[in-house]
Every structure is written in structure tokens, then in C-alpha cells.
Amino acid sequence: MKFLAVCGFGVGSSMVLKMTLDKVVAQLGIDATVENTDIATAKATKADAYFTSAELVKDLKQSTDNPVYPIKRYMNKDEVEAAVKKYLATKED
């Protein structure tokens with residue numbers, strides 16, 4: 001599975017979010033790749049789930065049918081883990 005950490009320019013905050021996602025994926029034992037990118041590239045990139053700021057959710061949702069999860073605190077492992085678990089719960093249905 002593929003997760004994208006998305007921010008406006010694909011450099012700063014998306015890298016921080018990617019690092020947190022990497023920790024969560026490893027902790028949960030999920031076979032997933034995590035990449036960070038900017039919003040324009042994310043719109044053109046297929047992923048199983050997208051993680052981004054609340055400000056970018058609407059824009060990103062217009063470009064994909066896959067889930068987009070808003071994250072407020074990119075370094076908060078509990079918040080990111082909750083979003084990943086929410087995604088995983090949809091896959092079990």
C-alpha cells in the first residue's frame with residue numbers, strides 16, 4: 001500500500017509528517033511505502049490514502065476517490081496513528 005504525506009510545497013511539513021507516518025507504519029507492522037510530496041504532484045499521484053493539513057483536504061479530495069485524512073499536528077504519533085487505523089478499518093469492511 002502507498003501513503004502520501006502532502007503539503008503545499010512538498011518540502012518541510014510533508015517531510016515531518018512522512019517521518020511520523022513511517023514510525024506508525026513500522027509500529028503497526030503495515031507493509032506500506034510512505035512518500036512526501038507537494039499538493040500538485042499529489043493530485044496526479046495514485047495512493048491508497050493521503051495525509052495532509054485541513055486546509056488542503058478539499059482541494060485534494062477533488063482529485064481522488066481515495067481517502068484523504070486531515071492531520072493537525074504532524075509530529076503527534078497518536079493523531080497520525082488514529083488516522084492510519086481509521087484507513088485500515090475501512091479496508092476491513
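Ser14 meets each of the listed conditions (1) of a type in the set (Gly, Ala, Ser); (2) in contact with a strand residue (DSSP E or B) (Cβ under 7 Å, 6 or more places away or on another chain); (3) part of a loop (DSSP other than H, G, I, E, B) apart from (3). Scanning segment 60-81 for residues that are touching a residue at least 24 places away in the same chain (Cβ under 8 Å) and in contact with a strand residue (DSSP E or B) (Cβ under 9 Å, 6 or more places away or on another chain), we see that the one that is farthest from Leu28 (Cα to Cα) is Leu60. Being touching a strand residue (DSSP E or B) at 6+ places or on another chain (Cβ under 9 Å), in contact (Cβ under 8 Å) with a residue 60 or more places away in the chain and part of a helix (DSSP H, G or I) holds for only one residue in Val84, Val57, and it is Val84.
No value in this document is a laboratory result; all are computed from the given coordinates. Because the structure is a prediction, the values reported are computed rather than measured. Neighbour counts run over all protein chains shown; Cβ positions are idealised from the backbone, glycine included.
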